[in-house]
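One structure is given below, encoded as structure tokens.
Nothing in this text is a laboratory measurement; each read-out follows from the coordinates by a stated rule. Note that the coordinates shown come from a computational prediction; the quantities given were computed from them, not determined experimentally. Neighbour counts are summed over all protein chains in view; Cβ atoms, including those assigned to glycine, are modelled from backbone coordinates with ideal geometry.
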Amino acid sequence: MGNYFQPQIETASRDEIISIQNEKIVKQVKHVYDHVAYYRNLMDEKGVKPEDIKSIDDIKKLPFLSKSDLRDAYPYGLLGTDLKNCVRIHSTSGTTGRRVVAFYTQADVDLWEECCARAIVAAGGNEDDVVQVAYGYGLFTGGAGLHGGSHKVGCLTLPMSSGNTERQIQFMMDLEATILCCTPSYAAYLGESLAEKGYKPSDNKLKAGIFGAEPWTEEMRREIEKSLGIKAFDIYGLTETSGPGVAFECEAQHGMHINEDHFYAEIIDPETGEVLPDGEKGELVFTALDKEAFPLLRYRTRDICVLSREKCSCGRTHVKMSKPMGRSDDMMIIRGVNVFPSQIETVLIKEGYTPNYLIEVDRVNNTDTLDINVELLTGQFSDKVSDIHAKEKSLEAAMRTMLGIGPKIHLVPPKSIARSEGKAVRVIDKRKLHD
Ligand code: ADP
Ligand code: ZN
């Protein structure tokens, strides 16, 4: 085997990884203390000095950073270097309404692109591949990250950006794209559009897809793999830590290897901040070990997941993270019950529906209401009202079993829910509008 972009580091022994982390953390904490007044103040408040950090184990002594710190320090307050050394900015997609601006030096861009290159090679990519990058280009990190990674691997890169599905399909076919990079929701939509045009999965030359930037389920993976005739790989990242490529899936398709030479991961109890042992579920916290311009230490991602150090069949030694099981801010509390969109999606696919749905939460007479609009496939559509009604009732029952509360299901005609070209909008919470 041995399909690695940087074999030495990707398969380094545990001792080697720890020794790299020990060396980098000492340097990085000094760098941050000397250059980032905002974080220096947090350290001073906690009574921690750079000299107290002698190895990676000492990281527990450092204060956390959260999204609200990023907002307070906007725009330059967390800059770790002179602005004149920076060559780029990116900004979050604002899933939660607040934008974050991150800065990059050339070295930061290089290390980020190398992480993405590792992901492309792990998905089976090499210089013979044609990589169709259908993530958005611009402030969003998706396009730039995979684009840069594709260059580093030496693939022919198609910088499509998101949208314009007709052209995506035309170039995919005419230029024989072999690897597709986009959000999973857009991949599913492309699969659907290809089928509509009469293409079979075997008509395209795609072999793999690298999909991330939003949550997706195993069920959705199987749908995409079937409709496009590919192997689908997950990729994870966030603007604050550079972008996609912080962690990526290998051929085992079971968890994402975190690039531990650049990003140190911890799982904490989101309530108490206590560090949890590997294998326990909690909030993922990242420390960028060598980023220059935006060197976040102990940044709370709000993504809930589990770390695993089980030996991986691919030969990579870096720790693996599970798919995020929702964001602490993605969770809806409906009539006191915690509900994640991913649970709803799992039921839909199990029951034979598409992952095209829209959740509407509201509050009527002081009671929360949960309505789920679910699109029917062309074959499922019926003009007999009683048929549709029976299907709605049966899906409501399946949802109640999974969620613990009963939603109202509305089956809607095929293609009536708007498709997304970037991150999908799944939830409309109207309660926020009245509060
Ligand atoms: P925003 O917070 O505005 O969405 P980003 O565009 O930087 O900002 O998105 C980062 C977030 O996207 C992550 O914190 C995570 O919640 C989500 N995300 C990224 N990749 C994945 C993935 N592969 N699976 C699930 N969620 C992901
Ligand atoms: Zn692996």
> In the neighborhood of SER322, defined by Cβ-to-Cβ distances under 12 Å, what is the net charge if each Lys or Arg adds +1 and each Asp or Glu adds -1?
Replying inline: -4
> For the chain, modelled as a GNM with alpha-carbon contacts under 10 angstrom, which of LYS24, LYS49, LYS423 fluctuates the most?
Replying inline: LYS49
> Can you work out the FRET efficiency for the pair SER416 and ASP82, with r the C-beta to C-beta distance and R0 = 56 Å, to the nearest 0.05?
Replying inline: 0.60
> Residue by residue, what Karplus-based ³J(HN,Hα) values in Hz, rounded to whole numbers, does segment 34-50 have, using 6.51, -1.76 and 1.60 with θ = phi - 60° and x for Gly and Pro?
Replying inline: 6, 10, 10, 4, 4, 6, 4, 4, 4, 5, 4, 4, 8, x, 10, 10, x
>> With n ≥ 4 as the cut-off for DSSP H runs, can you work out [θ] at 222 nm for the chain, using -39500 (n - 2.57) per run divided by the number of residues, rounded to the nearest 500?
In response: -10000 deg cm²/dmol
> Along segment 195-202, what does the Karplus equation 6.51 cos²θ - 1.76 cosθ + 1.60 (θ = phi - 60°) give for ³J(HN,Hα), rounded to whole Hz, x for Gly and Pro?
Replying inline: 4, 4, 7, x, 7, 8, x, 7
>> If the elastic network links every pair of Cα atoms under 10 Å, which of ASN373, ASN164, ASN22 fluctuates the most in the Gaussian network model of the chain?
In response: ASN164
> Between ARG14 and SER322, what is the spin-label point distance in nm, taking each point 7 Å from the Cα along the Cα→C-beta axis?
Replying inline: 2.1
> What is the list of residues in segment 177-198 whose amide nitrogen lies under 12 Å from a point 7 angstrom out from the Cα of ILE349, following Cα to Cβ?
Replying inline: 184-185, 188
>> Quick check: residue separation of THR369 and LYS30 times 0.36 nm, minus the Cα distance between them. What number comes out in nm?
In response: 116.9 nm
> Once label points are set 7 Å from the Cα along Cα→Cβ at both ARG71 and ARG400, what is their separation, rounded to one decimal in nm?
Replying inline: 3.8
>> Give me the one-decimal nm value for the distance between modelled label points at MET173 and GLU310, 7 Å along each residue's Cα-to-Cβ direction.
In response: 4.2
> Given H placed on each backbone N at 1.01 Å, which residues far from VAL87 in sequence or on other chains put an amide H within less than 5 Å of it?
Replying inline: TYR104, THR105, GLN106
> Say we join alpha carbon atoms closer than 10 Å with springs in a Gaussian network model of the chain; which of SER227, SER386, SER150 then has the biggest fluctuation?
Replying inline: SER386
>> Give me the net charge for the shell around MET256: Cβ to Cβ below 9 angstrom, other residues only, Lys and Arg +1, Asp and Glu -1.
In response: 0
>> Cut-off under 27 Å on the C-alpha distance; same-chain residues fewer than 8 positions from LYS311 excluded. Which lysines are left, in chain and number order?
In response: LYS24, LYS60, LYS207, LYS231, LYS281, LYS320, LYS323
>> Below 27 Å, Cα to Cα, which lysines can LYS393 reach? Residues fewer than 8 away in the same chain don't count.
In response: LYS350, LYS384, LYS408, LYS415, LYS430
> In Å, what Rg and Dmax follow from the Cα atoms of segment 1-140?
Replying inline: 18.1, 54
>> For ALA107, project a label point 7 Å along Cα to C-beta. Then give me every residue of segment 277-303 with its amide nitrogen under 20 Å of that point.
In response: 287-298
>> Report the gain in length on full extension from ALA37 to LYS54: 0.36 nm times residue separation, minus Cα-Cα distance, nm rounded to one decimal.
In response: 4.0 nm
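How long is the gain from GLU23 to ASN126 if the chain were fully straight, where each residue apart is worth 0.36 nm and the alpha carbon distance is subtracted?
33.9 nm
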> What are the trypsin sites (Lys or Arg not before Pro) within segment 133-234 that DSSP puts in a loop, where the Cβ has at most 16 other Cβ atoms within 10 Å?
Replying inline: LYS197, LYS205
> Once the Cα atoms of segment 261-369 are picked out, what are the Rg and Dmax in Å?
Replying inline: 17.8, 57
> So how far, in whole Å, is the C-alpha centre of segment 1-50 from the one of segment 342-400?
Replying inline: 47
> Excluding ASP174 itself, what net charge comes from residues whose Cβ is under 15 Å from its Cβ, given Lys and Arg +1 and Asp and Glu -1?
Replying inline: 0
>> Can you compute 3J(HN,Hα) from phi for each residue in segment 290-304, using the Karplus curve 6.51 cos²θ - 1.76 cosθ + 1.60 with θ = phi - 60°, rounded to whole Hz and x for Gly and Pro?
In response: 9, 6, 8, 7, 9, x, 6, 9, 6, 7, 7, 7, 6, 7, 9
> In whole angstrom, and with the biggest value first, how far do the Cα coordinates of segment 332-434 range along each principal axis?
Replying inline: 37, 32, 23
> What's log10 of I(q)/I(0) for the chain at q = 0.08, 0.09 Å⁻¹, Debye sum over Cα points only, no solvent?
Replying inline: -0.47, -0.60
